[in-house]
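The values are calculated or read from the model by the stated rules, or taken from the named source; none is laboratory data. Keep in mind that this is a model prediction, so the values were computed, not measured. Neighbour counts are summed over all protein chains in view; Cβ atoms, including those assigned to glycine, are modelled from backbone coordinates with ideal geometry. Quick note on the areas: whole protein, heavy atoms, side chains included, nothing else; ligands and nucleic acids left out. Shrake-Rupley method; radii C 1.70, N 1.55, O 1.52, S 1.80 Å.
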Amino acid sequence: MAQIIPKRKIKDSVFTNLFQDKKYLLRLYKTLHPEDRDVTEDDIKDVTIKHILVDADYNDLGFSVGGRLVILVESQSTWTLNIIIRALMYLIQTYHDFFKRTKQNLYGYKKVDMPKPELYVIFTGEKPKNPPGTISLSKDFFNGEKISVDAEMKVLYQEDENNIIGQYIIFCKVYNAQRREYGQTKKAITETIRICKDRNVLKEYLEDREQEVVDIMMTLFDDEQILEAYAKDIDDNVTYREARKTAERMIRKGKMTLEEIAGYIPALSLDELKEIEARVMQLT
């Protein structure tokens, strides 16, 4: 009997599941700012906006610490500079929520207080040749020209067993390798977890939440299969519609029999071609 995987009301990922825990979020922050030694879990405020960047290829995270506002985005697929535009849109929405939450008047004479923004992308896909350390709107979209609104984003892609960001990147690389070997199966997930625990990569997290991680990743497999089936259905429907249009044109020309047309267009049965012919005759 096939195992029934429980559906989650709110779609989660290992990225969001890992860093919604303040313990691991603190480790992330200290990886970015090792000089800030006195910060504690209580100093971190989660300001993640739900359903802004999250899709098949992106996960997002927003949090503030003191006077810093950190926006961190994970990109899982092919490298793209467009990620900085998405992060900027996320940052603007986060500021909008911040001013609303702190009841500051943007139309008043008094200068508002706002945290200093920091933008990061964790890239877990195949590393591009000569990956940049940072990307910016000015440099990468406007040839370094001075522009009214600029944004700079630090790119994180290095595997490193000594910090939680590097460990998360290793986890993703191991998972990609196991998925290539075993496909979208539970075996790929359990092997990923086993290998990472053996390498002391996210070991504490994976030991504490192993079944939860399996459930999350199996649910994401289900979602991917549904999307793939939906895309195939769209392609099939487009192919079928195009086949009917082609058959209609051939029937209008009157140079081939229906049997001959059926040989050229296997997607349509002879009965379907007769139906198309009858409709064409009515319109002429």
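Scan LEU18, LEU61, LEU28 and give me the residue that is at pLDDT 95 or above, closer than 14 Å to ILE165 by Cα and open to solvent by less than 60 Å² (accessible area, probe 1.4 Å).
Within the list LEU18, LEU61, LEU28, the selection yields LEU28.
What are the residues in segment 150-165 that are in contact (Cβ under 8 Å) with a residue 40 or more places away in the chain and of a type outside the set (Asp, Glu), if any?
ALA151, MET153, ASN163, ILE164, ILE165
Output yes when any residue across segment 94-115 is aliphatic (A, V, I, L, M), open to solvent by less than 60 Å² (accessible area, probe 1.4 Å) and within 25 Å of the chain's Cα centre (by Cα), and no when none is.
Looking for residues that are aliphatic (A, V, I, L, M), open to solvent by less than 60 Å² (accessible area, probe 1.4 Å) and within 25 Å of the chain's Cα centre (by Cα), one finds none in segment 94-115, hence no.
Of the residues that sit in segment 260-283 and are out of contact with any helix residue (DSSP H, G or I) (no Cβ under 7 Å at 6 or more places or on another chain) and among the acidic types (Asp, Glu), which one is least open to solvent (accessible area, probe 1.4 Å)?
In this case the residue turns out to be GLU272.
Count, please, the residues in segment 177-187 that happen to be part of a helix (DSSP H, G or I) and over 17 Å from THR124 (Cα atoms).
4
This table checks each residue for (1) open to solvent by 10 Å² or more (accessible area, probe 1.4 Å); (2) modelled with pLDDT of 90 or more.
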site: PHE171; (1), (2): no, yes
site: TYR175; (1), (2): yes, yes
site: ARG179; (1), (2): yes, no
site: GLY183; (1), (2): yes, no
site: THR190; (1), (2): yes, yes
site: ARG194; (1), (2): yes, yes
site: ILE216; (1), (2): no, no
site: PHE221; (1), (2): no, no
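Could you list, in sequence order, all residues of segment 140-175 that are touching a strand residue (DSSP E or B) at 6+ places or on another chain (Cβ under 8 Å) and not aromatic (Phe, Trp, Tyr)?
ASP150, ALA151, GLU152, MET153, LYS154, VAL155, LEU156, ILE165, ILE169
All but one of (1) open to solvent by 40 Å² or more (accessible area, probe 1.4 Å); (2) of a type in the set (Phe, Trp, Tyr); (3) closer than 18 Å to GLY62 by Cα hold for PHE142; state the number of the condition that does not hold.
(3)
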